[in-house]
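Notes to accompany the following structure.
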Amino acid sequence: MKYLIALLLTVVFILPISAQEDNPKLVVGIVVDQMRYDYLTRFDKKFGENGFKRMMREGFNCKNNHFNYVPTYTGPGHASIYTGTTPKYHGIIGNNWYDKDIKKMVYCAGDTTVSSVGTAAVSGLMSPHRMLTTTFADENRLFTQMRGKTIGVSIKDRGAILPAGHSANAAYWFQGGQEGNWISSTFYMDELPKWVNNFNNSKKAESYIKDWNTFYDIDTYTESGADLNNFEGKFKGKETATFPYNLKALSKKNGGFNILKTTPYGNSLTADFALAAIDGEGLGQDNITDVLTVSFSSTDYVGHKFGVNSKEIEDTYIRLDKDLERFFAALDEKVGKGEYVVFLTADHGAIDVPAYLQSAKIPAGYLDNDVRKVLFQKFLTDTYGTTDIVEDISNNQIFLNRDMIKALDLDLDDVQEAIVNEQIAYPHISKAYTATTMASVDFTEGIEALLQKGYNQKRSGDIILVNDPAYISYGKTGSTHGSGLNYDTHVPLLFFGKGIKQGHTYKKTEITDIAPTISALLGISFPNFAIGQPLEFVFN
Ligand SMILES: [Zn+2]
């Protein structure tokens, strides 16, 4: 008997088993836009058993997962999650940035060489062409001889396009206004497939233009601030930022279908469309791994308008949990329990509204950019005789006019250094660095290391500025993000499904570890400039 078992084992292990047969049929990457790590713990009592908690119960929870670069914005975030590298290498240095070559602002996913598909609007002029490296979805396409499909889905174009990568079969995003349709670009296709047209014709988006009230009795929402407070933005046409919201009435003054973006229903609609994509594209139906990337954008819109401590945010996460529950249940049914793998993370966190922090005596506030601008212009005129020496200020970076510096016979390093010394004198600017420093000194820790991983020598500016902790350039209501502080860098990272064990860790993990981890799980090449490490402790 023993002999027979040994023989059987030998046969099993020497049989040529292709890596693919053992692989998950479908990889689902979920990005929750602007999700802080502490939403998992803060709203824990409000979550059901089969959404976020199912991922934690059945899968692996990396509780100390961080972004490892600045700036923490949506475009760089999505690119970094899926490429396993940072703006230094993938080149997505912001959502928008000043292009030094053409001397104007560009959008991370904008592409004027393609056309819209599914709309007459310009919102379809999009592609991943500014992203310089591959995503794990690209590597899966190459590995499977293009037999494994990739589909990207998000309300935001960049949330759909950057994750799916360059070789994706399709990326779809939402066109609001009077249309309320999922659209794409000629980068992927000439016309929308039948299943997308069917979805658009089903008027699903319209069905969400209804009342938004809290899912549970608002009095039980003890994990967030008062519904009426001074820290929230408002919809046009409503006096207060308080429940309930009549979306049908409000949609007229708030961009038609665009209002859905700033409600939990934008996430519900995204889940509906992602499930339709699984059916329409036959994802996860054979042993060749497919990739579905889903980004839930409404959490970010709600956070920007109402802030991270609002009742609106709490309700949005309670409802997202319900959407995840039905999404996972549908995956069990459509792909099969244990046949797919899911990871969930965020593209960045967000800060508590600084005005609220001030009310709690915590150091926080807002930069006075108008005063700063006047003083800076005076400095430039006094020192160089012209303000034209600066071409652009954006994303906390200053871009210099290289031609003018040459024409004035100035030294670039001297000008960068002089501006650093001038900028650091302003209130609530805590650090300033020159591009020369970023390109020549190797930082290994602290904010400097984060800045360096976000600094792209060809694309970034000449002077890089850092605000004091909890000081932002933003309106006095709502939350934002972009810094290297924990409120922006600390985000969830959950894995569950085929090949993943149950557990958790407080060991620090980084956002760039995700793509190498999925690549290792699939046995495929890492994205071509991935710098992260596979998190082997999450594997079975
Ligand atoms: Zn945002």
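The values are calculated or read from the model by the stated rules, or taken from the named source; none is laboratory data. Quick caveat, the model's predicted, so the values are computed rather than measured. Glycine also receives a Cβ, built like all others from the backbone with ideal geometry; neighbour counts cover every protein chain displayed. For accessibility, only protein heavy atoms count, side chains too; no ligands or nucleic acids. Shrake-Rupley method; radii C 1.70, N 1.55, O 1.52, S 1.80 Å.
Subtract the Cα-Cα distance of K53 and K337 from 0.36 nm times their separation in residues, and report this length gain in nm to one decimal. Please list the in-between numbers first.
Working: separation 284, 0.36 × 284 = 102.24 nm, distance 1.64 nm.
Value of the extension gain: 100.6 nm.
Per residue, segment 399-492 exposes an accessible area of 46 Å² to a 1.4 Å probe, with every protein chain left in place. From the largest down, segment 36-179 spans 49, 40, 32 angstrom on the principal axes of its Cα atoms.
For segment 391-499, state which GluC sites (Glu not before Pro) are in a DSSP loop and have at most 10 other beta carbons lying within 10 Å of their beta carbon.
Working: sites: E391, E417, E422, E445, E448; in loops: E445.
Within segment 391-499, the qualifying GluC sites (Glu not before Pro) (loop, at most 10 other Cβ atoms within 10 Å) are E445.
Taking the Cβ of G482 as the centre, find all other residues whose Cβ is under 13 Å away and add up their charges (Lys, Arg: +1; Asp, Glu: -1). Before the final figure, lay out the partial values.
Numbers: positive: none; negative: D300, D347, D488.
Result for the neighbourhood of G482: -3.
Between rounded, prolate and oblate, where does segment 157-276 land on the alpha carbon gyration tensor, with a ≥ b ≥ c its root eigenvalues, rounded for a/c under 1.5, else prolate if a/b exceeds b/c? Show your work: numbers first, answer last.
On the way: a/c = 2.33, a/b = 2.01, b/c = 1.16.
In terms of gyration-tensor shape, prolate.
Dividing the summed helix terms, -39500 (n - 2.57) for each DSSP H run of n ≥ 4, by the number of residues in the chain produces a 222 nm estimate of -9500 deg cm²/dmol to the nearest 500. With the cut-off at 14 Å, report for segment 89-168 the share of all Cα pairs above it, as a whole percent. Percent of Cα pairs beyond 14 Å in segment 89-168: 66. Of the two radii for segment 324-417, the radius of gyration is 1.34 times the Kirkwood radius, both from the alpha carbons; that is the Rg over Rh value. For K501, the aspartates and glutamates whose Cα comes closer than 12 Å to its Cα, not counting residues fewer than 8 places off in the same chain, are E58, E536. Rg/Rh for segment 143-200 to two decimals, with Rh computed the Kirkwood way over all alpha-carbon pairs. Radius of gyration over Kirkwood radius for segment 143-200 works out to 0.99.
Leaving out ligands, DNA and RNA, what percent of the accessible area of segment 306-347 is carbon and sulfur, probe 1.4 Å? Could you put the intermediate results ahead of the total?
Values: 390 of 920 Å².
Of all accessible area on segment 306-347, carbon and sulfur atoms account for 42 percent.
For segment 72-111, the solvent-accessible area works out to 26 Å² per residue, with a probe of 1.4 Å and every protein chain left in place.
Per residue, what volume in Å³ does the Cα convex hull of segment 395-457 take up? Walk me through the numbers on the way to the answer.
Details: hull volume 6.1 nm³, N = 63.
Dividing the Cα hull volume of segment 395-457 by its residue count gives 97 Å³.
Per residue, segment 328-373 exposes 42 Å² of accessible surface when a 1.4 Å probe is rolled over the protein heavy atoms with every protein chain present. For segment 16-112, the fraction of 1.4 Å probe accessible surface lying on carbon and sulfur atoms is 49 percent.
When ranked by the protection proxy of mean other Cβ atoms within 10 Å per residue, highest first, what sequence do the peptides 116-123, 532-539 form?
Details: 116-123: 15.8, 532-539: 17.9.
Highest mean packing first, the order is 532-539, 116-123.
Taking the square roots of 5 times each eigenvalue of the Cα gyration tensor of segment 211-368, largest first, gives ellipsoid semi-axes of 34, 18, 14 Å. Across all directions, the average projected area of the convex hull around the alpha carbons of the chain is 27.6 nm². FRET efficiency for the pair T383 and K361, taken as 1/(1 + (r/R0)^6) with r the Cβ-Cβ distance and R0 = 35 Å, rounds to 0.35. Put the Cα centre of segment 213-248 next to the Cα centre of segment 315-366 and the gap is 19 Å. Rounded to the nearest 20 debye, the dipole size of the chain about its Cα centre is 1060 debye, using +1 on the Cβ of Lys and Arg and -1 on the Cβ of Asp and Glu. As an exercise, use a Förster radius of 56 Å and the Cβ-Cβ distance of A449 and K45 to find the FRET efficiency, rounded to the nearest 0.05. About 0.95, to the nearest 0.05. Solvent-accessible area of segment 350-447 (1.4 angstrom probe, protein heavy atoms only): carbon and sulfur portion equals 51 percent.
Against the chain, whose longest principal axis comes from its Cα atoms, helix 2-14 is set at around 50 degrees.
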